[in-house]
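Heads up, the thing below is written out as structure tokens.
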Amino acid sequence: MTNFLKLLLIVSSLSLLSLSAGARPEYLKLFAADPFSRPEWKQKCSTCHLNSEGSGERNAFGKAFAEAGFQITPELRRRFPDRFLPEGSAQDAKPAVTFIEGSDAEAIVELNGKRFVINTRTKSVREVEAVASNEKTEAKGIDETTQGTERREETRVYHPVDVRVINLPTAVYIPKGSLWADFTHRFPFSEPTNKGELFGLDSLAVPSFGLTYGVTDRIQVGASRSSTTLGRPILLFAGANIVNEQKGDPLSLMARVGLEGRDNFQRNFTTSFEFTIARSITRHAQLYLVPTVSLGDRPLSGDPTRNLPGETAVSLGVGGAFNIRPSVALLAEANYRLNEKSRYLSIGEGIRRPVFGFGIQKASASRRHAFSLVFTNGPGTTIAQRSMTRALFFSEDSFNGLTIGFNLSRRLF
């Protein structure tokens, strides 16, 4: 345990040091891309930092830029005329453009003091005021129809960038026509306290790969496949966003039904029903509650061809994501099986503890890609398997049983 804590402290310290050092050139690019930004500031680190080299404390503009979620807003331009050209300046050759979150076809354009919504699919142009008068027209994430960027900021809603926390699902918004890929890796079959193996990194890997597609702005479908070590399960699922914080609702609620079968969808079928309830704590953090019922659940098994009797499993998961920087979040979760039969106490060491874990996540500047370094005592990532600990393989599943892993998520289009 001592070696585990020492190594964890080293890894955490190095991660935090790497995050706190240096400037963020991607944010300078966002500033430079704004049509009103003054040319003399577009290449200077001192645009946002007191230090002309770019690292260290931010200046007044840098702090305001961060508070605005690293987005250029009309209010930011008005507050810092030394950084931006006047909106009516003759030097300005391009209109200001704000891309609407959750939409792949619409953007808001500011021109001559007026604001217009341009839709590339319908090839239409409408004034923002006119759009606001249409009984919540087209519910495509235009939560800024009358207030623009300022209204979205006032909602103070956390925006997840991955379809999962560690193993538990988030309620991330999947727009119509978008395709998301997620790839997970777990290393559950070694002694994590062995410092020579770096939390199990030298052991057998257990990968999983999945895709999620937005059929509409509320309905999504997907599939995933895990390795032979977990029985070669293929999961097919469909989900619906019932309410969404990003559209002004008090919380986000996603319902999902999944069917998974082992041996490449040939046997041991499990049907699962789950809800993901998400609530933002300001725009910097979000909490999750995930109740799940799985019918025909089976214990983890490395033999895909083995037919096993089914049980009903009821589990409850809780989790959270907490931003420590605009693009960096700390993750934590726990998921426990509530009914004793589904803990399989006679198999391996039995499930006597919740699946739990923690991690650190880094999002790209575009927020279309995320990488998470995680530590967890559960190898499974499907709806039914993610509440099973590594104890079913006769392995330690306490804090001493946390093993390393990672999640990759990418919005392809």
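Miscellaneous remarks
- Rounded to the nearest 20 debye, the dipole size of the stretch 247-406 about its Cα centre is 520 debye, using +1 on the Cβ of Lys and Arg and -1 on the Cβ of Asp and Glu.
- Computed Kirkwood radius, in angstrom, where 1/r is averaged over Cα pairs of the stretch 300-341: 13.8 Å
- Mean shadow area of the stretch 179-411, taken as a quarter of the surface of its Cα convex hull (nm²): 12.2 nm²
- Listed residue pairs exceeding 29 Å between alpha carbons, taken from K44/K123; K123/K247; K123/K176; K42/K247; K44/K247; K44/K362: K44/K123; K42/K247; K44/K247
- q = 0.20, 0.22 Å⁻¹, the stretch 189-267: log10 I(q)/I(0) [Debye, one scatterer per Cα]: -0.86, -0.93
- Segments 379-385, 304-310, 320-326, 79-85 sorted - mean Cβ within 10 Å per residue, highest first: 379-385, 320-326, 79-85, 304-310
- Bins of 5 Å, starting at 0 and running to the largest distance - Cα pair percent for the stretch 354-413: 4, 17, 23, 20, 15, 11, 6, 3, 0
- Descending semi-axes in Å of the stretch 214-349, equivalent ellipsoid built from Cα gyration tensor: 30, 18, 14
- Extension gain for L287-R58 works out to 79.5 nm (0.36 nm per residue, less the C-alpha to C-alpha distance).
- Given charges at Cβ of Lys, Arg, Asp, Glu: the stretch 179-411 dipole, positive-most of F265, A363, L300: A363
All of the numbers you see were taken from the coordinates with simple rules; none came from a lab. The model shown is predicted, which means the values in this text are computed figures rather than measured ones. Positions of Cβ are backbone-derived with ideal geometry, glycine not excepted, and every protein chain shown enters the neighbour counts.
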